[in-house]
1. With the Cα gyration tensor of the stretch 1-141 giving a ≥ b ≥ c as the square roots of its eigenvalues, does the rule (a/c under 1.5 for rounded; else a/b larger than b/c for prolate; else oblate) give rounded, prolate or oblate?
2. For Glu203, put the label point 7 Å out on the Cα→Cβ axis and report which residues of the stretch 133-177 keep their amide N under 20 Å from it.
3. For a protection proxy built on the mean count of beta-carbon atoms within 10 angstrom, sort 163-171, 28-36, 106-114, 268-276 highest first, please.
4. Based on the mean of other beta carbon atoms within 10 Å per residue, what is the order of 227-233, 152-158, most packed first?
5. How far is it, in nm, from the label point at Arg260 to the one at Lys185 when both lie 7 Å from their Cα along the line to the Cβ?
6. How do the peptides 207-213, 295-301 rank, highest first, by the average count of neighbouring beta carbon atoms within 10 Å per residue?
7. Near Ala312, within a Cβ-to-Cβ distance under 12 Å, what is the net charge of the other residues, with Lys and Arg +1 and Asp and Glu -1?
8. Which of Lys118/Lys185; Lys213/Lys319; Lys118/Lys288; Lys12/Lys171; Lys12/Lys185 have a Cα-Cα distance over 31 Å?
Amino acid sequence: MILAVAEQRQGKLNRASWEVIAAAQLAGGPITVAVLGQDVAAVAQELAAASVEAVTVIDSPALAEYTADGHVAALQALIGQLSPDVVFLPHTYQTRDFAPALASRLERPLITDVVALKAQDGGTAYTRPVFQGKLSADVQATGPAPHLVTFQVGAFRADTVARGATPAAVKAAEVAIDAGSIRQKPEAPFKEARQAVDLSQAERIVAVGRGIKGQEHIAIAQQLAQALGAELAASRPICDAGWLPMDRQIGSSGQTVAPRLYVALGISGAIQHLVGMKGSRTIVAINKDADAPIFEVADYGIAGDLFEVVPAMIAELNK
């Protein structure tokens with residue numbers, strides 16, 4: 001049995017939760033989805049639309065705000081009750097915070113940042129990038145179950161989740177959380193954090209690279225993003241130069257995204273950038289260099305001057 005852990009905040013699901021369910025359905029076998037928090041009945045019903053065996057809810061005032069201690073205690077108890085063979089989680093900042101502690105508490109292996117899975121030697125091998133995405137390694141867990149696996153955001157498409165003919169059963173887990181044992185005391189988020197954009201949730205993205213030439217030309221990319229209803233993003237050199245804020249950076253040292261549409265303007269396609277966006281459903285690249293690596297992953301490519309191509313695209317879109 002696969003236990004897929006969903007992530008929610010203030011009653012809103014992180015899209016990576018659906019990606020984890022998609023990975024679980026691909027792996028095969030019965031699936032139970034777990035969701036933690038307070039007053040998460042609506043979120044549980046949303047998850048019940050997936051083709052899974054059941055949705056298990058851990059609802060407690062002690063889980064109203066995320067803490068690593070709370071999640072570790074709740075999931076340790078739930079795993080003890082359900083005895084899954086494997087636990088799937090999204091590779092988000094939150095999971096990266098508590099999953100190592102959970103694995104240590106359970107004395108079980110943790111395989112992180114997985115981008116694919118396949119049957120191998122009678123078991124399952126998990127593919128994860130190494131050396132900043134230059135190579136991939138197939139990893140198999142050993143030892144007693146359950147094994148813990150986190151999946152890179154964008155590695156599996158959320159829109160491929162199979163839906164059930166009828167909603168799955170929603171069950172309340174009998175897990176008691178001792179609020180006094182939670183050592184972390186969450187504070188209100190910084191204003192900067194509230195202003196930051198979460199590109200991993202964007203449906204459309206327009207990203208700019210060195211080919212934009214100067215900060216004064218960012219406006220043309222912004223106009224295209226507005227015409228497409230997209231978020232504006234960039235490769236690392238653009239953010240390092242201060243032309244766009246760092247929360248707009250995509251790549252191995254920035255955000256990992258998987259939008260339905262990714263438009264790359266003047267981006268050569270260095271491996272550090274590709275690992276952050278190669279999970280996009282449709283990739284459109286515009287670059288003067290016909291041999292740019294970005295064209296190797298693009299679904300549609302235009303070898304031309306973006307300062308000629310983009311205004312024409314904007315004019316057509318505005319019609």
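Coordinate-derived values only; no laboratory data. Keep in mind the model is a prediction, meaning the values are calculated, not measured. With ideal geometry, Cβ positions are generated from the backbone for all residues, glycine too; neighbour counts draw on all protein chains shown.
1. Numbers: a/c = 1.66, a/b = 1.45, b/c = 1.14.
Prolate is the answer for the stretch 1-141, as a/c is 1.5 or above and a/b outweighs b/c.
2. Hits in the stretch 133-177 for Glu203 at 20 Å: 154-163.
3. Values: 163-171: 12.3, 28-36: 19.7, 106-114: 17.8, 268-276: 21.2.
Most protected by this proxy first, the peptides run 268-276, 28-36, 106-114, 163-171.
4. 152-158, 227-233
5. So the label points at Arg260 and Lys185 sit 4.5 nm apart.
6. Numbers: 207-213: 22.0, 295-301: 15.6.
Most protected by this proxy first, the peptides run 207-213, 295-301.
7. On the way: positive: Lys319; negative: Asp305, Glu308, Glu316.
Net of charged neighbours comes to -2.
8. Numbers: Lys118/Lys185 40 Å; Lys213/Lys319 28 Å; Lys118/Lys288 38 Å; Lys12/Lys171 19 Å; Lys12/Lys185 22 Å.
Violating the 31 Å Cα-Cα cut-off are Lys118/Lys185; Lys118/Lys288.
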